[in-house]
């Protein structure tokens with residue numbers, strides 16, 4: 001494929017692991033994936049680096065770890081059996097954290113190779129694409145403000161904190177304990193600053209409140225943060241809904257997330273790599289009526305307003 005007059009952003013991994021590696025050693029559950037990912041990245045640099053000037057190592061590693069290994073709704077469909085989510089084996093209390101650990105190490109291996117061997121001659125940049133909602137405290141109570149920050153740490157800081165400080169957020173360290181893997185000193189050193197840019201995918205906002213301590217004998221990534229999420233406060237929605245149940249339209253959240261990232265994570269270069277809203281199909285509409293897409297136009301208009309405001 002030749003790109004004519006374009007400088008594309010190319011993503012190396014968007015959750016599509018070769019089945020052979022899944023069968024051979026469990027894919028991203030194993031540290032073996034790191035060298036294989038580096039080899040794959042090098043092949044891409046060699047073949048396409050003359051035309052690709054923006055590389056993203058991973059797209060939404062949060063989605064891959066959470067939905068693939070905590071909830072099991074995405075491939076490879078793993079989670080704890082006690083959750084009764086029809087998963088094909090797994091452990092929701094450990095596997096999401098282990099998979100994320102190996103995702104981050106694979107990312108750093110691919111970045112190190114690119115910077116050491118290809119960047120100067122190919123004149124490109126490399127980063128990673130992360131996703132996050134924005135979380136507003138359900139009330140001004142301190143426990144709910146802290147819950148909103150924990151929600152950010154468990155979705156966003158889980159990835160960007162190691163990339164900027166070399167370790168997972170302290171909130172995660174204290175709540176997850178020994179189930180959270182540790183980086184060696186050398187790995188931490190490689191992680192810090194291992195990106196030229198952050199890709200940011202933003203769609204939705206939520207209210208966050210403190211969840212009572214879970215006294216269950218079962219642990220899971222899904223409850224470790226100790227946060228309850230809601231799409232409304234006192235019966236008033238945080239925003240309108242997309243067709244996806246999770247998509248609460250909250251345009252101000254993109255400004256809040258951008259400014260939060262700038263302040264907390266050392267003002268990185270940020271590209272908005274995904275943003276948008278879906279809607280239900282209405283077969284009764286004519287083509288002309290369907291093309292009068294005021295809901296989506298309004299969504300983009302308001303989000304672009306808040307991006308401009310944050311700049």
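Nothing in this text is a laboratory measurement; each read-out follows from the coordinates by a stated rule. Treat the numbers as computed from the prediction; the structure is a model and nothing was measured. So basically every Cβ, Gly included, is an ideal-geometry build from the backbone, and we count neighbours across all protein chains shown.
Mean separation of Cα pairs under 8 Å and 6+ residues apart, divided by the residue count of the chain: what relative contact order is that in percent? Don't jump to the answer; show the numbers that get you there.
Working: 534 pairs, mean separation 48.9, N = 311.
Relative contact order, the chain: 16 percent.
Can you give me the three principal axis dimensions of the chain from its C-alpha atoms, in Å, biggest first?
Largest first, the chain extends 55, 55, 40 Å along its Cα principal axes.
Residue 279 versus residue 83, label points 7 Å from Cα toward the beta carbon: distance in nm?
Rounded to a tenth, the inter-label distance reads 3.3 nm.
With the contact rule set at Cα under 8 Å and sequence spacing of 6 or more, what percent relative contact order holds for the range 66-142? Can you show the working numbers first?
Values: 71 pairs, mean separation 12.5, N = 77.
Result for the range 66-142 is 16 percent.
What per residue convex hull volume, in Å³, do the alpha-carbon atoms of the range 171-311 yield? Please list the in-between numbers first.
On the way: hull volume 25.7 nm³, N = 141.
Output value, Cα hull per residue: 182 Å³.
Using the 10 angstrom Cβ neighbour count as an exposure proxy, how do 179, 233 rank, fewest first? Numbers along the way, then the final one.
Numbers: 179 17, 233 14.
Fewest-to-most Cβ neighbours within 10 Å comes out as 233, 179.
Just want the ordering: 95, 136, 186, 143, from fewest to most Cβ atoms lying within 10 Å of their own Cβ. Don't skip to the end; give the middle numbers.
On the way: 95 24, 136 21, 186 8, 143 13.
Ascending number of Cβ neighbours within 10 Å: 186, 143, 136, 95.
Could you tell me whether the range 23-152 comes out rounded, prolate or oblate from its Cα gyration tensor? Rule is a ≥ b ≥ c as square roots of the eigenvalues, rounded for a/c under 1.5, then prolate if a/b exceeds b/c, otherwise oblate. Walk me through the numbers before you get to the answer.
Values: a/c = 2.95, a/b = 1.45, b/c = 2.04.
Note, shape of the range 23-152 comes out oblate.
When the C-alpha atoms of the range 111-232 are aligned to their principal axes, what extent does each axis show, in angstrom, from largest down?
54, 32, 22
Residue 216 label point, 7 Å along Cα→Cβ, cut-off 11 Å on backbone N: hits in the range 76-90?
80-85
Could you work out the helix-only [θ] at 222 nm for the chain, with each DSSP H run of four or more residues adding -39,500 (n - 2.57) and the total divided by the number of residues, to the nearest 500 deg cm²/dmol? Show your work: numbers first, answer last.
On the way: 13 runs with 128 residues, N = 311.
Calculated at 222 nm, the ellipticity per residue is -12000 deg cm²/dmol.
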